[in-house]
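Working notes, structure below.
Laboratory data are not the source of any read-out in this text; all were calculated from the coordinates shown. Every value quoted in this text rests on a predicted model; they were computed, and no experiment measured them. For neighbour counting, all protein chains shown are included, and Cβ atoms are generated from backbone atoms with ideal geometry for every residue, glycine included.
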Amino acid sequence: MTGQETPTACVLLIGNELLSGKTQDANLKFLATEMSKLGIRLEEARVIRDDSGAIVATVNECRARYTYVFTTGGIGPTHDDITAEAIAKAFDLELVLDPEAVARLKHAGKEVNEARLKMARVPEGALLIENPISAAPGFRVENVFALAGVPPIAHAMFASLEPLLRHGDTIHSRSIEVLLREGDFALELEEIARAHPEVEIGSYPFARDGRYGASLVVRGTDLATVESVLSKVEQTMAELAAARRS
C-alpha cells in the first residue's frame, strides 16, 4: 500500500536484559533500514523495562503520535514475558487464547504445554503475524505490531507484515568519510544544510588509529537531490582539507 503522506513509526525495545547490558540489541538497525526502504520515517526508539505500567503508558503515548508502533521482546513463554498482556491492557482488551495461534504451534510439531500456550495468548481480536522460524506468532492491534525479541524471528516477522504497511517514498541515504574534526567544518556544513531543507544532513564522528574524522550522511526521498547535495558536501570538505594542508 502506498500513500502520499510519509508514514511515521516508533520502535519500543522491551526487556530488562537490554537495560542491564547483558544483551545487545540487534533489532533497531534492521528495522530502521527496512523502514527506510519502505518510506516509513522512524522518528523515535525507546528501551523499556519489563514493567506492565511502563509498557502500557508508552504504547498508549506512541500509538497516538505515530502511524505505526513496533515492539520487540516479551512475547515468549516465561514469567517475565508480559508484552502481550500489557498491550491488551493498553487497548482495554481481554488477553485470550487464540485458536489459530494454538494450531500453528501444534502444526510445528512442538509439545503444546502450558508454557507454550502462553505464546498463543493475544489481545482479543488481534491479527496474528506470521513466524516462519519457530511458529509462535506475533500480533497486531490497530497500529501496534508486537514482534519477538530474538533477532532472526523479529526480522522474519517484519518481512511477513510488510504488505500490511502503508509505504511512502523510499528514503535514500548516501555518505562520505572525511579526516577532519567536526569543529573544522561545522559552520560550512550548517550552511549547506540550511540551503537544502529538503534533505537531512548528519555528521557522525569517529576515531581510528589515532586519527579523527566524521561520516557525513545525506538522506532524502529524491535520489538526484541527495547525490547533488552530497557532491556539494564532498567538494566543501575537500576545499577545507586543502586549506588546512597549505
Rounded, prolate or oblate for the range 8-164? Axes are the square roots of the Cα gyration tensor eigenvalues, ordered a ≥ b ≥ c, and the cut-off for rounded is a/c under 1.5.
rounded
Rounded to the nearest 500 deg cm²/dmol, what is the calculated helix-only ellipticity per residue at 222 nm for the chain, with -39500 (n - 2.57) per DSSP H run of length n ≥ 4?
-12000 deg cm²/dmol
If we count every other residue with Cβ under 11 angstrom of Thr71's Cβ, Lys/Arg +1 and Asp/Glu -1, where does the sum land?
+3
For the range 101-192, which GluC sites (Glu not before Pro) are in a loop by DSSP, counting at most 16 other Cβ atoms within 10 Å?
Glu111, Glu124, Glu130, Glu142
Do any trypsin sites (Lys or Arg not before Pro) in the range 1-81 lie in a DSSP loop with no more than 16 other beta carbon atoms within 10 Å, and if so, which?
Lys22, Arg49
Restricting the range 1-93 to GluC sites (Glu not before Pro) in coil, as DSSP defines it, with at most 11 other Cβ within 10 Å:
Glu5
Convert each backbone phi in the range 141-152 into a coupling constant with the Karplus relation 6.51 cos²θ - 1.76 cosθ + 1.60 (shift: θ = phi - 60°), then list the ³J(HN,Hα) values in order as whole Hz, x for Gly and Pro.
10, 6, 9, 10, 10, 9, 10, 5, x, 5, x, x
